[in-house]
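S.K.: Below are the structure tokens for one structure; questions will follow.
Just so it is clear, none of the values below were taken in a lab; they were calculated from the coordinates. Given the structure is predicted, the values throughout are model-derived calculations rather than measurements. Don't worry about glycine lacking a Cβ; one is built from the backbone with ideal geometry, like all the others, and counts go over all protein chains shown.
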Amino acid sequence: MDMIRLLMGRVGWTTLVCLAVFLALAAWRAEVDIRREGQGAAGTVRLLEALAALQASDGASRAARLDELRQLGQAGRLRHLRFQLEDADGRVLVAAEGAPVAGGRVVLKTADGQAYRVALSPDARSEQEEAAANIGGMAALFMAYGLVLLAGLYLAARHALKPLRRLLEVIASLRQRDFSVRVPPLPVQELDSIGAALNHLGEGLAAAETRQRALHARLLTVQDDEQARLALRVQESFGQELTALRSRVACLRRQRGNDPVLAGQLAALETSCRTLDASVRGMLRDLHPDVCAGGAGDGASLAPLLHELVKSWQDAAGPGTEIHEAVMPPDRTLPGAVSRTLYRMTQEALANVVRHASARCVSVSVRDVPDDAAAIEWEVRDDGCGIADLDAAMGRGSGLAALRERVWALGGWLQIGPANAAEGASAVSPGLCLRARLPVLAR
């Protein structure tokens, strides 16, 4: 009802303004018509005076009186009346506007006996022009009234519906998962109720997202803990056995004597032990970096973790791919949850590059954000084949979805796009750039 009252109030004020303007224009038009009627009546009086002066004139002043009559006839000062003046021989001395005046004549004799004939007839042309002008003026007034009324209605509706734009902006923000926006108090009760409902919805979604983030972070922590436990079991089981096996192989090599067959078998067995040891270490590194890099808890430096990880993927990629890493500042320490997230993100990104990108140059960087001391920026950039369809890549198990979930769980944001778009790279090797910003204090 508030919306209806607001619109009706605006329409009422607009109608009153239009009516006032209409009455002012009508009064002005009436004043113009009255003035023109007065001018016409004054012209008729002057015509009668001029005819009376002509009748009383003598030969010396008659020419002046005829000129005066001609001026009256040509000036258009007569309304609703046409006249024509002729001499006794029928010659026209003062011609009427338009066609000659038909009908009877009035004979006018001067004091010296000169006769003139005066022809008078009603003139409907001035009435027709006045009627046409009045109709045109009324039509123009009605058109102006309609336009002003429409403009007033538009402005009134725009003003009344202006709060809807704010509601739409808040709805768009909620759809983009920005639950921090709120609708301010609105002047219309119905819209204010909708705004309050949107605010309540935003608060509920924000609380649900906070709980979901915490749950997801907890799941990642449990996953990391389980991987750490499995890594320790693998290390305890396989590590000790591999060490013992390599010792026995070394002992056998010392006791083999001169048997070349046995020497070859022992060498092959020692090579297998080294290969198995490297595989176990790689498995441990994949499962949990703490086991291989000396810990990644709170206060641990991030640079050694990433260096070991990059070195392992450099060995796997071979000489055709160069991988560089940079941590700025080099002694940067981070909370354990953030360090593990950055490690896992780098691990997944490098796995995708080595397995799918066919890249020649890869760079990994972690640096502080200049304008935000409570955030850190991570980036992995390559010059490989890139990703043609990001949505499809997210759904086919490329690891990008898991990477995005890790960033989201810590309350950060992630950008995925071509690495060399700005340089105008070819469509064959657009590269890929993964950039994320994470809060230093994990949520």
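S.K.: With +1 on the Cβ of every Lys and Arg and -1 on the Cβ of every Asp and Glu, and nothing else charged, how large is the dipole of the chain about its Cα centre, in debye rounded to the nearest 20? List each step's numbers first, then the result.
M.R.: Details: 51 positive and 51 negative charges, 104 e Å.
Its charge dipole is roughly 500 debye.
S.K.: At a Förster distance of 51 Å, what's the computed FRET efficiency of Leu93 paired with Ala132, Cβ-Cβ distance as r, to 0.05?
M.R.: Working: r = 32 Å, r/R0 = 0.63.
Computed FRET efficiency for Leu93 and Ala132: 0.95.
S.K.: Mind checking the full-extension length gain between Ala326 and Ala214? Use 0.36 nm per residue of separation minus the Cα-Cα distance, one decimal, nm.
M.R.: On the way: separation 112, 0.36 × 112 = 40.32 nm, distance 3.01 nm.
Value of the extension gain: 37.3 nm.
S.K.: What's the magnitude of the charge dipole for segment 2-128 around its Cα centre, counting Lys and Arg as +1 and Asp and Glu as -1 at the beta-carbon? Answer in Debye, nearest 20. Provide the component values of the computation, followed by the final result.
M.R.: Values: 17 positive and 15 negative charges, 60 e Å.
My answer is approximately 280 debye.
S.K.: Rounded to the nearest 500, what is the 222 nm mean residue ellipticity of the chain from helices alone, with -39500 (n - 2.57) per DSSP H run of 4+ residues and division by all residues? Please list the in-between numbers first.
M.R.: Numbers: 11 runs with 262 residues, N = 443.
So the helix-based figure for the chain works out to -21000 deg cm²/dmol.
S.K.: In addition: Can you put Val170, Val11 in order, fewest other beta carbons within 10 Å first?
M.R.: Val11, Val170
S.K.: Exposed loop sites here are GluC sites (Glu not before Pro) in DSSP loop states with at most 16 other C-beta atoms within 10 Å. What is the longest stretch of the chain lacking them? Spell out each step's value before the answer.
M.R.: Details: sites that count: Glu97, Glu423.
Longest site-free region, per DSSP loop and neighbour criteria: 98-422.
S.K.: Using 1/(1 + (r/R0)^6) with R0 = 35 angstrom and r between the beta carbons of Glu270 and Arg367, what's the FRET efficiency to the nearest 0.05?
M.R.: On the way: r = 44 Å, r/R0 = 1.25.
Approximately 0.20, to the nearest 0.05.
S.K.: Continuing with this model, one more query. Which one, Leu342, Leu164, Leu69, has the greatest fluctuation when you compute a Gaussian network model over the chain with C-alpha springs under 10 angstrom?
M.R.: Leu69
S.K.: If Lys and Arg each add +1 and Asp and Glu each add -1, what is the summed charge of the other residues whose beta carbon sits under 14 Å from the beta carbon of Leu155?
M.R.: Details: positive: Arg10, Arg158, Lys162; negative: none.
Taking every other residue near Leu155 into account, the sum is +3.
S.K.: Another question about this same structure. Among [x] 0.99; [y] 0.93; [z] 2.29, only one was calculated for this model; which label is it, if the read-out is Cα Rg over 2.2 N^0.38 Å?
M.R.: This structure yields the entry labelled [z].
S.K.: Moving to a separate point now. Cβ neighbours within 10 Å, averaged per peptide: list 312-319, 20-27 in order, most packed at the top. It would help to have the intermediate numbers written out before the result.
M.R.: Working: 312-319: 14.4, 20-27: 12.2.
So the peptides 312-319, 20-27, ranked by packing, come out 312-319, 20-27.
S.K.: Oh, and also: To the nearest 0.05, what FRET efficiency results for Ser121 and Val21 with a Förster distance of 41 Å applied to their C-beta separation? All intermediate terms of the calculation are to be shown ahead of the outcome.
M.R.: On the way: r = 41 Å, r/R0 = 1.00.
The calculated FRET efficiency here is 0.50.
S.K.: Rank Phe142, Gly384, Pro370 by how far each Cα sits towards the positive end of the charge dipole of the chain (+1 on Lys, Arg Cβ; -1 on Asp, Glu Cβ) and give me just the farthest.
M.R.: So the residue we want is Gly384.
S.K.: When DSSP assigns beta bridges and you keep just the ones with both residues in segment 294-439, what percent turn out antiparallel, to the nearest 5? Walk me through the intermediate numbers first.
M.R.: Numbers: 22 of 29 bridges.
Roughly 75 percent of the beta bridges in segment 294-439 run antiparallel, per DSSP.
S.K.: I would also like to ask the following. By the scheme Lys and Arg +1, Asp and Glu -1, what is the net charge of all other residues having a beta-carbon under 12 Å from that of Ala52? Could you put the intermediate results ahead of the total?
M.R.: Values: positive: Arg46, Arg65; negative: Glu49, Glu68.
Spelling it out: positives minus negatives among the neighbours equals 0.
S.K.: In nm, to one decimal, how far is the Gln415 label point from the Gln189 one, both placed 7 Å along Cα→Cβ?
M.R.: Label at Gln415, label at Gln189, 4.8 nm between them.
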